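Before any comments, here is the structure.
The values are calculated or read from the model by the stated rules, or taken from the named source; none is laboratory data. What you are looking at is a predicted structure, and each value in this text was computed from that prediction instead of being measured. Side chains included, ligands, DNA and RNA excluded: accessible areas come from the protein's heavy atoms. Shrake-Rupley method; radii C 1.70, N 1.55, O 1.52, S 1.80 Å.
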Amino acid sequence: MAKLIYASNVSLDGCTEDERGALDWAAPDDEVFAFTTELMRSAGTYLYGRRMYDTMAVWETDAALAAQSDLRSDFASVWQSADKVVYSTTLAVVSTANTRLERSFDAGAVHDLKVAARGDLLVGGPNLAAQAFKAGLVDECQLFVWPVVLGGGKPALPADMRADLALLDERRFGNGVVHLRYRPL
């Protein structure tokens, strides 16, 4: 069975975005970007909430991003080749290939997807990840912890449940980011 991996950038105070909804504090350098690309490459399917999908879809809809460097081109290629499932009650249509729209998170359907998947699944976005955590579907939690305190914003992890985790791996990057890889117990 494939693993469901929650991967997220997170501030030192536990947020995925600041109080304005901005993500500009987590702009990766080449080292972090290359590592992230390999993480994305390891998965065959990405599960997104609407906001995260809108953020990531530019890797297919804006060719200028891929044209900036070989590293960005590789990331765009990896992102475009994966299957995507977007969970949204408000999105009318998806703007990218290999993408299907679901109106609600169905834990049983995600479990079936894990069973049938040819590669691991990545879940992006804290709201969708919280639903997956609560359903007991998350097999790994990979956090890129950035050396910044935002002073508030959207929490990266569910605030209304306890989850004990075992540290599997860690990596420090030259820009001060630390990647932490956990498995729920």
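Note on the chain: GNM, Cα springs under 10 Å; of ASP160, ASP106, ASP120, the largest mean-square fluctuation is that of ASP160. When ligands, DNA and RNA are left out and all protein chains stay put, how many square angstrom of accessible area per residue does segment 43-172 have with a 1.4 Å probe? I get 50 Å² per residue for this part.
Close Lys pairs in the chain (alpha-carbon distance under 17 Å; sequence gap of 8 or more, or different chains): 5. Annotation: amide H of VAL85 within the under-5 Å range of TYR46, LEU47, TYR48, ARG100, sequence separation 5 or more or interchain, hydrogens built in the peptide plane. Size estimate for the chain follows the Kirkwood approach: the inverse of mean 1/r over distinct Cα pairs works out to 16.8 Å. By the gyration tensor of its Cα atoms, with a ≥ b ≥ c the square roots of the eigenvalues, what is the shape of segment 2-44: rounded for a/c under 1.5, prolate for a/b over b/c, or oblate? It comes out oblate by the Cα gyration axes.
For segment 91-107, putting each phi into the Karplus relation 6.51 cos²θ - 1.76 cosθ + 1.60 with θ = phi - 60° gives couplings of 6, 7, 9, 8, 9, 10, 6, 6, 10, 10, 9, 10, 7, 8, 6, 10, 4 Hz, in residue order, rounded to whole numbers and with x for Gly and Pro. Solvent-accessible area assigned to carbon and sulfur over the chain amounts to 51 percent, based on a 1.4 Å probe. Calculated [222 nm] ellipticity per residue, helices only, for the chain: -8500 deg cm²/dmol; basis is -39500 (n - 2.57) per DSSP H run with n ≥ 4, divided by all residues, nearest 500.
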